[in-house]
Amino acid sequence: EPEVTQTPSHQVTQMGQEVILRCVPISNHLYFYWYRQILGQKVEFLVSFYNNEISEKSEIFDDQFSVERPDGSNFTLKIRSTKLEDSAMYFCASSPDRNSYEQYFGPGTRLTVT
Amino acid sequence: DAKTTQPPSMDCAEGRAANLPCNHSTISGNEYVYWYRQIHSQGPQYIIHGLKNNETNEMASLIITEDRKSSTLILPHATLRDTAVYYCIVRVASRNDMRFGAGTRLTVKP
């Protein structure tokens, strides 16, 4: 069964450094998403992406964050200057189309900012 | 999106039905009810969704009250692998995002 993959599984970075989290969505899906989950807290929506542009974003997704689909398979989340509070599990998800009831989530990347 | 209310935790005996309630008293006519679960910090997993009719799939059943102000997710024969946090989400189909709440932590006990 096709699945969303994410790399790396765990990323450690120093405060102020740039980090790029990578995702490979399911191949025929058109909508892509990033969510994050701070340890012990709820899953929070960050951004959705369609047709090479941001479709929706939350108030969390400020200028420090950017997303890109650099080629036909990868979908990336960049954090320009990481802060301690960016430490979280970051989940990528994809869905076949806008009105799809199911979003398929990847296993997540645990980001630790020291 | 309508706000949902779920109990923070529930226990269920292995092999028995797990009935997880969700209140969404402010739901509007075009909002669907979705259920996802998250097993031990893995990515959330879709379970089932519905608008007003009861729904069943290979994982679960969804019972929505006639006034649509509440729903119940039923896992008919819970196993230890069903131990997870279960999220009830209400949203219009045209939105991109899933807004997760705190969910219900279901513990299936032997």
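The values are calculated or read from the model by the stated rules, or taken from the named source; none is laboratory data. All values derive from a computational prediction rather than experimental measurement. A quick note on method: Cβ atoms are made from the backbone with ideal geometry, for glycine too, and the neighbour counts reach across all protein chains shown. Just so you know, the surface numbers come from the protein's heavy atoms only, side chains and all, with ligands and any DNA or RNA stripped out. Shrake-Rupley method; radii C 1.70, N 1.55, O 1.52, S 1.80 Å.
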> What is the distance in Å between the Cα centres of the stretch B:1-30 and the stretch B:42-62?
Replying inline: 12 Å
> How high is the relative contact order of the stretch B:12-110, in percent, with contacts defined as C-alpha pairs under 8 Å that are six or more residues apart?
Replying inline: 35 percent
>> If you count only protein heavy atoms and use a 1.4 Å probe, how large is the accessible surface of residue B:5, to the nearest 10 Å²?
In response: 80 Å²
> Which Cys residues of chain B have no other Cys Cβ less than 4.7 Å away and so no disulfide-compatible partner by this rule?
Replying inline: B:12
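Restricting things to alpha carbons, find the Rg to Rh ratio for the protein assembly as shown using the Kirkwood radius for Rh.
Details: Rg = 17.7 Å, Rh = 18.1 Å.
Rounded to two decimals, Rg/Rh equals 0.98.
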> Hey, got the average number of other protein chain Cβ atoms within 10 angstrom for residues in A:34-41?
Replying inline: 2
>> Residues of the stretch A:88-114 that become at least 30 Å² less accessible with every protein chain present than in their own chain isolated, using 1.4 Å: which are they?
In response: A:91, A:98, A:99, A:101, A:102, A:103, A:105
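Given the convex hull over the Cα atoms of chain A, what projected area results after averaging over all orientations, in nm²? Show your work: numbers first, answer last.
Values: hull surface 27.5 nm².
For chain A, the mean projected area of the Cα convex hull comes to 6.9 nm².
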> What is the log10 of I(q)/I(0) for chain B, computed with the Debye formula using one identical point scatterer on each Cα and no solvent, at q = 0.12, 0.13, 0.22 Å⁻¹?
Replying inline: -0.36, -0.43, -1.22
> Counting other Cβ atoms within 10 Å of each Cβ, which GluC sites (Glu not before Pro) in the stretch B:7-87 have at most 11 and sit in a DSSP loop?
Replying inline: B:58, B:66
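Give, rounded to the nearest 20 debye, the magnitude of the charge dipole that the stretch A:34-89 has about its Cα centre when Lys and Arg contribute +1 at Cβ and Asp and Glu contribute -1 at Cβ. Before the final figure, lay out the partial values.
Values: 7 positive and 10 negative charges, 34 e Å.
The calculated dipole for the stretch A:34-89 is roughly 160 debye.
Just counting partner chain Cβ atoms within 10 Å, what average do the residues of peptide B:13-19 show around their Cβ? Before the final figure, lay out each step's value.
Values: counts 0, 0, 0, 0, 0, 0, 0.
Neighbouring Cβ atoms belonging to other protein chains average 0 per residue here.
Suppose all protein chains stay in the model; what accessible area per residue would a 1.4 Å probe give for chain A, in Å²? If you can, show how the numbers build up before the last one.
Values: 5780 Å² over 114 residues.
Per residue, chain A has an accessible area of 51 Å².
At a probe radius of 1.4 Å, figure out the B/A buried accessible area, summed over both chains, and give it in Å² to the nearest 100. Intermediate values should be presented prior to the final figure.
Details: alone 6330 and 6600 Å², together 11220 Å².
Chains B and A together bury roughly 1700 Å² of accessible area.
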> In what sequence, largest accessible area first, do A:58, A:66 appear using a 1.4 Å probe?
Replying inline: A:66, A:58
>> What is the distance in Å between the Cα centroid of the stretch B:75-93 and that of the stretch A:40-114?
In response: 23 Å
> Based on Cβ point charges of +1 for Lys and Arg and -1 for Asp and Glu, what charge dipole magnitude is obtained for the stretch B:13-91 about its Cα centre, in debye rounded to the nearest 20?
Replying inline: 120 debye
> With point charges of +1 on the Cβ of Lys and Arg and -1 on the Cβ of Asp and Glu, referenced to the Cα centre of the protein assembly as shown, which listed residue (B:65, A:2, B:49) lies farthest in the positive direction of the dipole?
Replying inline: B:65
>> Quick check for me: using +1 on Lys/Arg Cβ and -1 on Asp/Glu Cβ, what's the dipole size of the protein assembly as shown about its Cα centre, in debye to the nearest 20?
In response: 420 debye
> Cross-link partners among lysines for residue B:3, C-alpha distance below 28 Å, same-chain residues fewer than 8 apart left out?
Replying inline: A:42, A:57, B:52, B:69
